[in-house]
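Single-structure report; data block below.
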Amino acid sequence: MLKYNASSVTLNTDTIGRQLEQVRARIADAERRFGRTAGSVRLLAVSKTHPPELLEAACQFGQRAFGESYLQEAQEKTRILDGLGIEWHFIGPMQSNKTRPIAEAFQWVHSVDRIKIARRLDEQRPQSTEPLNICLQVNISGENSKSGVAPEAVFAMAEQLAAFPRLRLRGLMALPAPAADFDARRVPFARLRALFEALNDAGCKLDTLSMGMSEDMEAAIAEGATIVRVGSAIFGSRR
Ligand SMILES: *Cc1c(COP(=O)(O)O)cnc(C)c1O
């Protein structure tokens, strides 16, 4: 059994339900304020470091899409929570020799940023299942430490990804550097959206902009996010 964040175990089911409702209200409010269609932004509950019981609690309140970042932990949760109808999204860094369990147990991978990884996911995706939904992760703030392809490399990568039969390129994902205020937060999201629109103008049929977290989901929704990845606002702090 893995060790989970001890503090989060003390959060009870009602707390998860209340916090989930608050996040849903924030999303609905941002959709209204920024002229987005009601219900056009999906909530991905990021459950990394939190024990399976908390995911089960969120399930009781209707949440079905969960995001995980650490392979070993994710494998354990997919096993324990099998049968709850969960849609699993992998959002963390991947090692190319450990892609098989992801290709087998997940429906989405948001963090594809190397062709080598994509090729393995494509080869390892079981024929008996739907193609794996993927997002190309973009290093939108140009940080040296961050994963993600450089914005200049996105077109070439998207073209290569489109050729893999067992992968379905759905869109772009980014994890921008933290910014202090709303307007500053919008800037990198606007940049990702411009790339997304340029790809679609060039004939890619993308429908997903995976951007926005607990702190900055409103700015992401203002700029066109279709999936927000929210952890601490639902499950509490991780450390
Ligand atoms: C942890 C994580 C999140 C969620 O972050 P919060 O600030 O807890 O909402 C979203 N996306 C990625 C890629 C993450 O690793």
Number of the condition not met by Asp82 [criteria: (1) in a helix (DSSP H, G or I); (2) out of contact with any Asp or Glu (no Cβ under 9 Å at 6 or more places or on another chain)]: (1)
Which numbered condition Glu218 misses (of (1) away from the ligand (no atom under 13 Å from the Cβ); (2) surrounded by fewer than 24 Cβ atoms within 10 Å (Cβ to Cβ)): (1)
Some residue of the range 48-70 being of a type in the set (A, V, I, L, M), without any contact (Cβ under 8 Å) to a residue 24 or more places away in the chain and over 23 Å from Glu218 (Cβ atoms): no
Ala158 being open to solvent by 60 Å² or more (accessible area, probe 1.4 Å) and in contact with a strand residue (DSSP E or B) (Cβ under 7 Å, 6 or more places away or on another chain): no
Single residue of Leu206, Leu199, Leu195, Leu169 found to be under 19 Å from Ala118 (Cβ atoms), in a strand (DSSP E or B) and open to solvent by less than 60 Å² (accessible area, probe 1.4 Å): Leu169
Residue within the range 154-171 that is closer than 13 Å to Ile140 by Cα and away from the ligand (no atom under 12 Å from the Cβ) present: yes
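If I ask for residues that are farther than 19 Å from Arg79 by Cβ, open to solvent by less than 40 Å² (accessible area, probe 1.4 Å) and away from the ligand (no atom under 16 Å from the Cβ), which ones from the range 97-124 would you list?
Residues of the range 97-124 farther than 19 Å from Arg79 by Cβ: 97, 110-123.
Next cut, open to solvent by less than 40 Å² (accessible area, probe 1.4 Å) only: 110-113, 115, 117-118, 121-122.
Selection gives Ile115, Ala118, Leu121, Asp122.
The values are calculated or read from the model by the stated rules, or taken from the named source; none is laboratory data. These figures come from a predicted structure and were not determined experimentally. Glycine gets a Cβ as well: all are built from the backbone with ideal geometry, and neighbour counts include every protein chain shown. These accessible areas exclude ligands, DNA and RNA; they are computed on the full protein's heavy atoms, side chains included. Shrake-Rupley method; radii C 1.70, N 1.55, O 1.52, S 1.80 Å.
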